[in-house]
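One structure is given here, and the rest of the page talks about it.
Just so you know, all these numbers are worked out from the coordinates, no wet-lab data involved. Because the structure is a prediction, the values reported are computed rather than measured. Counting neighbours? That spans all protein chains shown, and the Cβs are built from the backbone with ideal geometry, glycine included.
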Amino acid sequence: MGHQGDCFLVPGPVRMSEACLQAMATPAITARGTEFRDVMADLNSGLRTAFNLTPSSRERGTESWSGEDGYKVIAVSGSGTAAMEMVIANRFRPNDRVLVPTNGKFGERVADICKQYCQIKHIAYEWGRSFDLMELEEQLGRGTFEALLICHNETSSGITQDAAALAQMCQEYNVAFILDGITSVGGLPVHPALWNAEAVVMGAQKCTAGPSGIAAIAINEHFVERVHTIRQQGDSNPVYYLDLVSAIKKGDDDQTPWTPAINLAMGWAASLRELEDEGLENRWNRCAHLASGVRALFSDLGFMLLADGGQQSDTVTAIMYPEGIDDSWRNKLKRDYQTQVIGAQDHLKGKMFRIGSMGTTSVEEMIEGCKRMIDCFREMGHELPNVDVASYFA
């Protein structure tokens, strides 16, 4: 029995499970009582699993946010962009220099946030092109940078950066390594401790299939030390709502400094339990299996993929439209075929579409969605060879 109903194949926000939706329908509770601290302990433990950190207890009052690896997790009532701003605003002083290489829109957003809080050298590569590691090593070798920040998985262009190689460089040149892992944590192999990443950010609505509007950061001991030192020296950036020092003070008690996104936290905790049930590596493997099928299928059909080979993302595939096709295809696909993919951004608008393979998307849904995409292209007059779609996902 194949997939019935609509196919929702966008790279986030992804479809939420019944358990997640039910958890969010819980009646109001206070943010300061034991009930919500129970929710936070549950959420923190699930976040540690998703971040690929050592496990912690789900019991409140047991420092659920920390583990043996020296990392702490902090839930942020805001989108992934808020969490990224929290990391940058607290970790750097106005005169600190940071290096930000980019090859897509979300890396450029990291660069834009850095411009508000510190001095930045932004190396903008073409969207979908790999970073020039030799150029980055030469830059880091100058000894003038406090940190290297990257968007680990660039959904705008469907490319994943070589984080392991960049992490090695950062260790060699004693530079902090910070990752926007908003569309990689929970869907791609991310190794904060192995990479000695000072901070990693994730958003709930992507690979962990939680609700939009809540995010989390994982920070190590060195990050926390630097934040406290900068604050004591009195030359920190102005922060209030996104003050990490306030968040750290409340963390041991399974609390947040301000009223948290209570129902979103409940929904996310339920989604993270489902991730735990599936197994983190099993989810990585399922996402990789789906993406590899999509890449092979559309390549065989004659489509061009935007991202460089060997670094194509396993949570989103960016596919160029063939001659004579534009976003009217995507609108028709949604209207007539009950199937949603997402378009491109900025200069690639109308030239490309993107298929998500993150969250809890099943093989059956992906097969059905791809069949409908092919039918829709044919209906719009684009000739395609006959293929056995299911065989690409066997």
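Report the relative contact order of region 18-277, percent, no decimals, based on alpha-carbon pairs under 8 angstrom and at least 6 residues apart.
Relative contact order, region 18-277: 29 percent.
If you bin every alpha carbon distance in the chain into 10 Å steps from zero, what whole percent lands in each bin?
Once binned at 10 Å, the Cα pair distances of the chain give 5, 24, 31, 24, 13, 3, 0.
First measure r as the distance between the Cβ atoms of ALA164 and SER299, then evaluate 1/(1 + (r/R0)^6) with R0 = 25 Å and state the FRET efficiency to the nearest 0.05.
0.45
Using Cα springs under 10 Å in a Gaussian network model of the chain, which residue among PRO189, PRO101, PRO322 shows the largest mean-square fluctuation?
Of PRO189, PRO101, PRO322, the most mobile in the Gaussian network model is PRO322.
Simple spin-label model, 7 Å along Cα-to-Cβ: ARG335 to ALA124 in nm?
Modelled inter-label distance: 3.5 nm.
What does DSSP give for the chain in terms of the percent of beta bridges that are antiparallel, rounded to the nearest 5?
55 percent
Starting from the 7 Å offset along Cα-to-Cβ, what nm value, one decimal, do you get for the label separation of ALA19 and LYS115?
The two pseudo-label positions are separated by 4.3 nm.
Run the reach check for LYS334 against lysines, Cα to Cα strictly under 26 Å, same-chain hits fewer than 8 apart removed. What comes back?
LYS105, LYS206, LYS349, LYS351, LYS371
For n ≥ 4 DSSP H runs only, could you compute -39500 (n - 2.57) per run for the chain, divide by its residues and tell me the 222 nm figure to the nearest 500?
It comes out at -12000 deg cm²/dmol, rounded to the nearest 500.
Modelled label-to-label distance, GLN255 and GLU35, 7 Å Cα→beta-carbon offset: nm?
1.8 nm
Report the net charge of residues surrounding SER391, where surrounding means a beta-carbon distance below 15 angstrom and charges are Lys +1, Arg +1, Asp -1, Glu -1.
Neighbour charge sum, excluding SER391 itself: -2.
May I ask you to list the lysines whose Cα is less than 25 Å away from that of LYS249, ignoring any residue fewer than eight positions away on the same chain?
Correct list for LYS249: LYS72.
Which FRET efficiency value, to the nearest 0.05, is calculated for THR54 and GLU225 with the Förster distance at 25 angstrom and r the Cβ-Cβ distance?
Taking R0 as 25 Å, the efficiency between THR54 and GLU225 is 0.80.
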